[in-house]
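Have a look at the structure below before the remarks.
The values are calculated or read from the model by the stated rules, or taken from the named source; none is laboratory data. Note that the coordinates shown come from a computational prediction; the quantities given were computed from them, not determined experimentally. Cβ coordinates were reconstructed from backbone atoms using ideal geometry, including for glycine residues, and neighbour counts include every protein chain displayed. All accessible areas refer to the heavy atoms of the entire protein, side chains included, with ligands and DNA or RNA removed. Shrake-Rupley method; radii C 1.70, N 1.55, O 1.52, S 1.80 Å.
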Amino acid sequence: FAERVAGGYFLDIEPRPEQLARFGLRVEELQEVLAAAIGGENVTTTIEGRQRFPVSVRYPRELRDDPDRLARILVPVESGAQVPLGQLAEFKISHGPAMIRNENGFLAGYVFVDVAGRDIGSFVDEAKAAVRRDIALPPGTTLLWSGQYENMIRVRERLKWIVPATIVLIFLLLYANTKSSFKAGLVLATVPFSAVGAIWLFHLLGYNVSIADWVGMIALLGLDAETAVFMLLFLDLSWDDARKRGLLRNEFEVDEAIIHGAVKRARPKMMTVAAAFMGLLPILFSTSAGADVMKRIAAPMIGGLATSFLMELLIYPAVYKLWKGRAALREQQELLGSQ
């Protein structure tokens, strides 16, 4: 919808300097007569109890809605004569905007666009290319893309350092907790797998990527770290228990210790993920006010938790064995060799 920028009619009254000088009038005096005749002038104030109302006097509508009648308004001069206004000023009717808008000191006209069924960013990129290709803007004209797109660009620039800062902060917290850079990196390895589930759920729900989705992605990083740390905790507990009992003598016992920590204790891990699901599913199916934004925040967390949980159950044990299993078997062989 393009706003009409030339749909109004305006009456321009331009003083004639030579006529004003002839009768000894100043432009201010002419403007005072015009202001009183067209806009009115407060002459007194009426008092009604504790209320006060100004009394304004001006020409009736039928005498000021026609330029010819306005031109017959008499202006008093110093000699005592009265000169018609049409002799002192020129009346012109011009076309212009029905409403004068300005942006940063420049006259502005708006074109409103309602985007449906796709994301705003790709639409604006295509629109910019079409405008550059098909429209030649006159000199002195500036084209700006504003509204939600402008907010999206501002938030996107902020997310460029918020997302990396979030990942670095999570890594530092994990390292402070586990005292192992490998474990902290292993926890962060769930991020790509969680992104797979989030993107697939976006596709199934027909959502376009928005700022709310990125907020949900950032929240998903915290949930992934929580469930991954929980998984590593049980693997470490099972491994330490097997080491204390001397049950890491061969590959079968190594596998049994890892399976005990990964599979036989799957119920508490499933309860942790299920608690998050039960809290987020009502948001995903809500229809109340503000649900559109909240759905897009909850969707990446639900989809990401599903795939990251599967990754933790299937891939974490194998990576854990590659990390600790070989070292344990090597120590056991060295111990047997020394004996």
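Could you tell me which numbered condition Gly206 fails, if it satisfies all but one of (1) in contact (Cβ under 8 Å) with a residue 12 or more places away in the chain; (2) open to solvent by less than 70 Å² (accessible area, probe 1.4 Å)?
Among (1) in contact (Cβ under 8 Å) with a residue 12 or more places away in the chain; (2) open to solvent by less than 70 Å² (accessible area, probe 1.4 Å), Gly206 violates only (1).
Given the condition over 20 Å from Ala228 (Cβ atoms), open to solvent by 40 Å² or more (accessible area, probe 1.4 Å), among the hydrophobic types (A, V, I, L, M, F, W, C) and out of contact with any strand residue (DSSP E or B) (no Cβ under 6 Å at 6 or more places or on another chain), answer yes or no: does some residue in segment 296-313 qualify?
Checking segment 296-313: not a single residue is over 20 Å from Ala228 (Cβ atoms), open to solvent by 40 Å² or more (accessible area, probe 1.4 Å), among the hydrophobic types (A, V, I, L, M, F, W, C) and out of contact with any strand residue (DSSP E or B) (no Cβ under 6 Å at 6 or more places or on another chain).
From the list Val33, Val27, pick out the single residue that is open to solvent by 50 Å² or more (accessible area, probe 1.4 Å) and on the phi < 0 side of the Ramachandran plot. Outline the logic, then answer.
On the way: Val33 fails: open to solvent by 50 Å² or more (accessible area, probe 1.4 Å).
Being open to solvent by 50 Å² or more (accessible area, probe 1.4 Å) and on the phi < 0 side of the Ramachandran plot holds for just one of Val33, Val27, which is Val27.
With the checklist (1) open to solvent by 80 Å² or more (accessible area, probe 1.4 Å); (2) within 53 Å of the chain's Cα centre (by Cα) in hand, flag the one item Gly40 doesn't pass.
Going through (1) open to solvent by 80 Å² or more (accessible area, probe 1.4 Å); (2) within 53 Å of the chain's Cα centre (by Cα) one by one, Gly40 breaks only (1).
Counting only residues that are modelled with pLDDT of 85 or more and of a type outside the set (S, T, N, Q), give me the helices (runs of 4 or more DSSP H) lying completely in segment 51-149 with at least 2 of them. Spell out the reasoning first.
Details: elements: 61-64, 67-71, 85-88, 120-134.
Here the list reads 67-71, 85-88, 120-134.
Please indicate, with yes or no, whether at least one residue in segment 255-267 is over 17 Å from Leu223 (Cα atoms) and in contact (Cβ under 8 Å) with a residue 60 or more places away in the chain.
yes
Please go through (1) in contact (Cβ under 8 Å) with a residue 24 or more places away in the chain; (2) open to solvent by 80 Å² or more (accessible area, probe 1.4 Å); (3) over 48 Å from the mean Cα position of the chain (by Cα) for Ala89 and return the number of the only condition it doesn't satisfy.
All conditions are met except number (2).
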